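To keep things clear, I will list the structure first and then write my remarks on it.
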Amino acid sequence: MNKTDFLLRLKLERGIGYIKMLQIASQLDSEKVEAAQLKQLDLPEKLIESSLQAFYNEKYEKIIDRIRKQCSVISFFDDLYPKKLRQIYQPPLILFVRGNTNLLKRPIATIVGARQATNYSQVVIDELMPNLIKKYVIASGLARGVDGMAHESALHHGGKTVAVVGNGINHFYPAQNKFLQQEIVEKGLLISEYLPDTPPKPFRFPERNRILAGLSDIVIVTEAREKSGSLITANMALHENRDVYAVPGPITCDLSKGPNRLIEVGAIPIVDFKLEEPFQNIE
């Protein structure tokens, strides 16, 4: 059995979460997974039993066949798995994707911000986009507000976009972005670390943010409150040594407090729409 299929089986096995899955995966040192190899893993006996149960469960074969008909599956062990994403803390071991996977080979700019963003974000994103798409694929999280603005602007200007969602890719969340999600599948790439039928839950969106940060070469924050998912993404990006850019705003505006604070601690302020100097450090 190849490693990707075995990881899918582990993903389906009850009682095996991310940490246990990582413990097992870290000891898979051959191209093929065999039962004899699993029995020799340096792991607690119960975890070895769970891995063997996943290995032998015949029901999983049909489930995996159905999943592969719905989407492509990329595991940590595949060549297509993004190199930048391998480097982050707790990288996703499985990605479920629909669309153009070649976009993962290109430089990526992640744009994030508030769900209640104002027209200020829309104007800034639209003005930045023509220069950005010359060098980057645009990534965001397909949420309301800035995420949707970023995806739509990229598509409108003829660029490519990647959406990383906090639910299974068979769900449309939020519902208002259903047609945008379908367009992204046709013209870009949709990514999730969750099984395709996994419903959206609040705790999954912070988990999603680490993937957005990990995929990116740069992160841009337009408007965000001081305590928000956007700043979580930006701080993760800083932790992973990505360049973070922030759009300054009036100190009287709650939605500018996040970007202004990022600038205060070292983010690069975006002061015009040329972006030629700051964005020249791409390998």
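Quick note: the coordinates plus some simple rules give every number you see, no bench work behind them. Quick caveat: nothing in here was measured; it's all calculated off a predicted structure. Please note: Cβ atoms are built from the backbone with ideal geometry, for glycine as well, and neighbour counts cover all protein chains shown.
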Angle in degrees between helix 59-70 and the longest Cα principal axis of the chain, rounded to the nearest 10: 30 degrees
Listed residues Met129, Met236, Met21, most fluctuating in the chain (Gaussian network, C-alpha, under 10 Å): Met21
Length added when fully stretched, Glu186-Glu49, from 0.36 nm per residue minus Cα-Cα: 45.2 nm
Evaluated at q = 0.16, 0.22 Å⁻¹: base-10 log I(q)/I(0), Debye formula over Cα of the stretch 125-177: -0.44, -0.76
Exposure proxy order (Cβ contacts within 10 Å, fewest to most) of Asp78, Asp29, Asp217, Asp272: Asp29, Asp272, Asp78, Asp217
Helix axis angle, 229-239 relative to the chain longest principal axis, alpha carbon, degrees: 80 degrees
Rounded to whole Hz, the Karplus (6.51, -1.76, 1.60) HN-Hα couplings of the stretch 129-143, x for glycine and proline: 4, x, 6, 4, 6, 5, 10, 10, 7, 9, 10, 7, x, 6, 8
Least to most buried among Arg66, Arg225 (fewest other Cβ within 10 Å first): Arg66, Arg225
For the stretch 1-47 versus the stretch 130-183, the gap between their alpha-carbon centres in whole angstrom: 34 Å
Residues Thr252, Thr198, Thr222 arranged by fewest to most Cβ contacts within 10 Å: Thr252, Thr198, Thr222
The chain: calculated mean residue ellipticity at 222 nm from DSSP helix runs of at least 4, using -39500 (n - 2.57): -13000 deg cm²/dmol
Sites Asp79 and Cys253, calculated FRET efficiency, Cβ-Cβ separation with R0 45 Å, nearest 0.05: 0.50
Modelled label reach - Arg68, point 7 Å along Cα→Cβ, the stretch 1-18 residues with backbone N closer than 14 Å: 1-9
Principal axis dimensions, largest first and in whole angstrom, of the chain by Cα: 62, 36, 34
Max mean-square fluctuation residue, GNM over the chain, Cα-Cα springs under 10 Å, options Val73, Val124, Val185: Val124
Angle in degrees between helix 3-12 and the longest Cα principal axis of the chain, rounded to the nearest 10: 90 degrees
